1. How much length is gained if the chain between L38 and A84 is pulled fully straight, taking 0.36 nm per residue apart and subtracting their Cα-Cα distance, in nm to one decimal?
2. May I ask you to evaluate 6.51 cos²θ - 1.76 cosθ + 1.60, the Karplus curve with θ = phi - 60°, for each residue of segment 106-118 and list the ³J(HN,Hα) values in order in whole Hz, giving x for glycine and proline?
3. Given H placed on each backbone N at 1.01 Å, which residues far from I165 in sequence or on other chains put an amide H within less than 5 Å of it?
4. Ratio to report: Rg/Rh of segment 20-174, with Cα atoms as the point set and Rh obtained by the Kirkwood method; give two decimals.
5. What is the gain in length, in nm to one decimal, between A105 and S71 on full extension, counting 0.36 nm per residue of separation less the C-alpha to C-alpha distance?
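We did not get these values from a lab; they are worked out from the coordinates using the rules stated. The structure presented is a predicted model; accordingly, all values stated were derived computationally and were not measured.
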Amino acid sequence: MRPLWALEDKNMQNENRNEEAVSPVIATILMVAITVVLAGVLYVWASQLAEGNTDGDFSMYGFAVTDAAGSPTAAGGEDLVYVAMDAGDDLSWATVIVQMSAGGAYTECTNPDQTADTGCAVSDNGDGKWAFGEEVTVSEGSDDICSSACSVQVKVLDRASNKLIYESTTTSVA
């Protein structure tokens, strides 16, 4: 039989081992908890970013509007502005609406796959879509919109939801 002091010494060694073993377990639990919290934060951030895109606050599209060459006259059918897609996925003309304002209300332009109307018309390279890097021309329809220098704004809308994809600042057509 062992003396009492030997049993106490053995119990002390077991307790020391148990205390040492608890420390890595707690560290592992803390690391897992931190990982879960960070994953949750990233998920919430990504969700808010996606929601912002559907509300029109954040757009994955970028456009640039510039004056078309030449001075407008009293004739209709003249090129007014060029609109270049600087960022975004291709847009089918069946899914997009282009609108233009020359200081008044916005009017819907006819798309390249349609016959030009009286208001404004969009023309492209004939491939049936508006692609990244492609520049389209917005011109007058059969009516005269700008008979001299004027200011033009352009909107691009999603046809299905009528949500705004892009709205330009005022561009001077001279």
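1. Stretched out fully, the L38 to A84 stretch lengthens by 12.6 nm.
2. Computed from phi, the couplings for segment 106-118 are 6, 10, 6, 7, 6, 7, x, 8, 10, 6, 4, 9, 6 Hz.
3. V156, L157, D158
4. 1.31
5. Using 0.36 nm per residue and subtracting the Cα-Cα distance, I get 10.0 nm.
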